[in-house]
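Comments concern the structure below.
None of the figures in this text is laboratory data; all of them are computed from the coordinates on show. These numbers come from a predicted model, not from an experiment. All Cβ positions, even for glycine, are placed from backbone atoms using ideal geometry, and neighbour counts span all protein chains on display.
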Amino acid sequence: MQEFPHVQYLTSDGLTLRADAGGRDEAPLVILLHGGGQTRHSWSGAMRTLVDAGYRVINFDARGHGESDWSAVGDYELDARGRDLATVVGDHVGPVALVGASMGGMTSFYAVGHAMIKHVRALILVDIVLSPAAEGVGKIERFMKEHVDGFATLDEAADAVAAYNPQRPRPGDPTGLMKNLRLNDDGRLYWHWDPRMLDIEPNPDTPDWTDQLLAVSDKVCVPTLLIRGGKSDIVDDEGVTEMCRLVPQTEVLDVAGAGHMVAGDKNDAFNSGVIDFLERHMPAA
C-alpha cells in the first residue's frame, strides 16, 4: 500500500495537527476532512485515488482526533475547526477543493461561508447537510457515549462497530480498527478522540452548528456536491431539499447501498463521483 509523507501544522492556539500529504506541490490542492470520531485513515483509499489523478492532497487528523493534539480547554467548536483548516491550507496560491465528511463537511461549509479559505473552487459534502436528521444524529451520539469507558479487547470494539453498522460485514481480522483506537495505561482500548467533544457536538436539542451553517448559507457560492448515502440516517429528503434551496448550485449524488460512512461503504462509487466533479470544476491538468 502506498505510504505518504507525514507533515504537521501548528494551529493559532498552539495545537499540532498531523497529516499525510501527497502529489505534486504545484498541482491543485484537495483537503480531506474526516468525520467526528474518525481519523484521517478513513480517507486512505480516496487519497490514493486523488493523488493518482494528479492532485495535491492533504489528509489531516482534526483537533481532538487521531494523532493530532487535544485541546487543553476543550475548544472543539466550528470556528476553531475552521481556523485549523485555514492553517492547513496555509499560503497555497492555487485552486483548492474541500472534501468533508459529516463534521468535516460542516467545517468546510463554515470556513467557505466565512471566507476563511482563499481560491476554493469546489466543495464536496459527504453525507451531511445544513440540518441533519435528528434521529441519525442521536444514534451517533448514543454510540459514542456508550463506549467512553473503552473496550477490554479489540474484538469487543469490532462487535460494537458491527452492531452500529450491521450493513457492513464484520471483518474477519479486526486489526485495521486499531487505527481508530489507542491503548491506555489501564490496558483498555479507547477511541482515538477526546471525549470532551461530546459536550459540544450538535444534537437534536441544541442545534447550534446547524444555526451557524444556515447563517452563512447565502455566502457559499462555489460549485457544491452533496454525496448522499442511499441508506443514510443522517441526510433525509427534507435536509436535501433545504440544502438545494439555500445553496442552489448544489449537485446531489446518491450512492446506493451506502450508509453514513459513504467512502468506506462504497469506495469505488464514491471515488468516481468525486473525481468526476473535480474534473469539471477543478481539473488536475
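Before moving on, here are some points about what is shown:
- Long-range HN-HN contacts of Val252 with modeled amide H, under 5 Å: Leu226
- Among the trypsin sites (Lys or Arg not before Pro) within region 1-95, those in coil by DSSP and having at most 15 neighbouring Cβ atoms inside 10 Å are Arg24.
- Normalised by the number of residues in the chain, the mean separation of alpha-carbon contacts (under 8 Å, six or more apart) gives a relative contact order of 20 percent.
- GNM top mover of His41, His192, His147 - the chain, alpha-carbon springs below 10 Å: His147
- For Ser102, nonlocal amide neighbours, meaning residues 5 or more places apart or on other chains whose placed amide H falls under 5 Å from its own, are Val126, Ile128.
- Sum of -39500 (n - 2.57) over DSSP H runs of 4+, divided by residues of the chain (222 nm, nearest 500): -9500 deg cm²/dmol
- Highest average first, the peptides 128-136, 240-248 ordered by how many other beta carbon atoms sit within 10 Å of their residues are 128-136, 240-248.
- Proximal aspartates and glutamates to Lys145, defined as alpha-carbon separation beneath 13 angstrom and excluding residues fewer than eight positions away on the same chain: Asp194, Asp199, Glu201
- From the coordinates shown, volume of the Cα convex hull per residue in Å³ corresponds to which of [x] 133; [y] 183; [z] 124: [z]
- The amide H of Ser71, built 1.01 Å from its N in the peptide plane, has Gly64 as neighbours under 5 Å, considering only residues 5 or more places off or on other chains.
- Partners for Lys118 among aspartates and glutamates (Cα-Cα distance below 18 Å; same-chain residues under 8 apart left out): Asp25, Glu26, Asp79, Asp84, Asp91, Asp218
- Loop-located GluC sites (Glu not before Pro) across region 1-86 with a Cβ neighbour count of 13 or fewer within 10 Å are Glu3, Glu26, with loop assigned by DSSP.
- Taken one residue at a time, the phi angles of region 47-57 give Karplus couplings (6.51, -1.76, 1.60, θ = phi - 60°) of 5, 4, 5, 5, 5, 4, 7, x, 9, 7, 10 Hz. Gly and Pro are set to x.
- Region 97-104 - phi-based ³J(HN,Hα) in whole Hz, Karplus 6.51/-1.76/1.60, Gly and Pro as x: 10, 10, 10, x, 9, 6, 4, x
- Inter-centroid distance (Cα atoms) of region 47-66 relative to region 254-280, Å: 15
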